[in-house]
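See structure below.
The values are calculated or read from the model by the stated rules, or taken from the named source; none is laboratory data. Quick caveat, the model's predicted, so the values are computed rather than measured. Using ideal geometry, Cβ is built from the backbone for each residue, glycine included, and neighbour counts are taken over all protein chains shown. Remember, those area values only see protein heavy atoms, side chains included, never the ligands or the DNA or RNA. Shrake-Rupley method; radii C 1.70, N 1.55, O 1.52, S 1.80 Å.
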Amino acid sequence: MPGGEELSNLDKPYWPDEGLTKGDFIDYIETVTPCLLPNLKARPLTVIRFPDGVAGPSFYQKDTPKYAPDWVDTITLPAYNAKKDVRYTVCNSARTLRWLANQAAIELHPWLSRIDRLERPTHLVLDIDPPDGQFARAVEVAFVARDALQGFGLDGAAKTSGSKGVHIYVPLNRRHTFEEVRLASTRIAEHAVASAPDLITIEFRKAGREGRVFLDTTRNGPGAHIVAAYSPRARPGAPVSFPVPWKELEQVKPADFTIRTVPALLSERGDLWNSLMPKAQTLPKTLTGRS
């Protein structure tokens with residue numbers, strides 16, 4: 001097929017221990033596109049590419065390759081903390097998503113803002129990062145964080161990170177700057193830490209966490225990104241970042257959601273990320289510092 005749409009090397013092992021190939025990965029992406037694509041549209045996108053599958057080398061890609069087809073939408077922005085511009089891919093179509101999959105872009109990490117108002121994030125995010133193998137503790141922290149949110153009149157939706165933790169997203173009315181959202185997320189996290197100081201920390205340095213679960217608020221900044229709901233992760237088992245209702249969060253484990261299992265779950269339950277997401281909210285002044 002013309003225009004950069006030819007698929008290649010479909011038999012290449014991508015998750016060799018699971019017997020999953022590049023073709024399996026592309027099949028997954030094409031199946032979940034109706035649910036995945038809305039989480040990417042109109043957002044600058046960083047991808048993590050694994051040209052030889054997850055057992056091989058990988059690299060983060062922010063700058064769209066020069067060989068990208070002309071129908072791939074892009075936006076050129078100043079790079080944060082660097083003296084250059086970056087031409088980000090903006091995945092606005094199934095065609096572009098398929099092209100990215102063929103480029104071995106296994107992980108898809110969009111910004112928290114859209115290109116029409118880059119300075120106004122659409123969500124506040126809490127990234128719950130436990131020590132390895134302690135997903136149950138991440139879930140425990142998720143409920144403490146939800147209580148903290150509710151104490152400020154806010155509500156959020158949860159998803160597995162596809163790795164070892166949990167993400168909580170609070171949809172926003174886009175009235176707030178990144179600075180306000182960062183400040184609000186920090187205050188929410190501090191409230192959670194005060195509720196469970198032996199369980200939760202906001203210490204960025206691993207050496208200072210002393211076995212506690214890291215409640216990370218640093219995703220709430222311009223140029224920061226986080227893995228999209230329904231994106232695969234380049235980890236053993238071919239896991240997927242997947243939405244989970246609060247009432248089910250204590251009963252699941254990350255390995256429940258993989259590129260093998262997710263298509264059937266979506267067929268049965270629909271786009272959970274869309275249905276579970278609360279309505280957009282306005283952050284209270286007590287969190288943003290607005291007068």
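Of all residues in the stretch 36-57, those satisfying the criterion of being over 18 Å from Pro110 (Cβ atoms) and surrounded by 17 or more Cβ atoms within 10 Å (Cβ to Cβ) are Phe50, Gly53, Val54. Among the residues of the stretch 146-178, the one identified as of a type in the set (Asp, Glu) and in a helix (DSSP H, G or I) is Asp147. Condition check for Ser267 on (1) more than 30 Å from Thr33 (Cα to Cα); (2) more than 18 Å from the chain's Cα centre (by Cα): one failure, at (1). Applying the set (1) open to solvent by less than 10 Å² (accessible area, probe 1.4 Å); (2) of a type outside the set (A, V, I, L, M); (3) not in a loop (DSSP other than H, G, I, E, B) to Asn220 leaves exactly one unmet item: (3).
For Val181, state whether it is within 19 Å of the chain's Cα centre (by Cα) and either outside any helix (DSSP H, G or I) or not hydroxyl-bearing (Ser, Thr, Tyr) (or both). Here the answer is yes, as Val181 does meet what is asked.
Within the stretch 223-238, the set of residues being farther than 21 Å from Val86 by Cα, open to solvent by 20 Å² or more (accessible area, probe 1.4 Å) and not aliphatic (A, V, I, L, M) comprises Arg233, Arg235, Pro236, Gly237.
Scanning the stretch 105-125 for residues that are open to solvent by less than 10 Å² (accessible area, probe 1.4 Å), in a loop (DSSP other than H, G, I, E, B) and either touching a helix residue (DSSP H, G or I) at 6+ places or on another chain (Cβ under 7 Å) or at pLDDT below 95 (or both) returns a single hit, Pro121.
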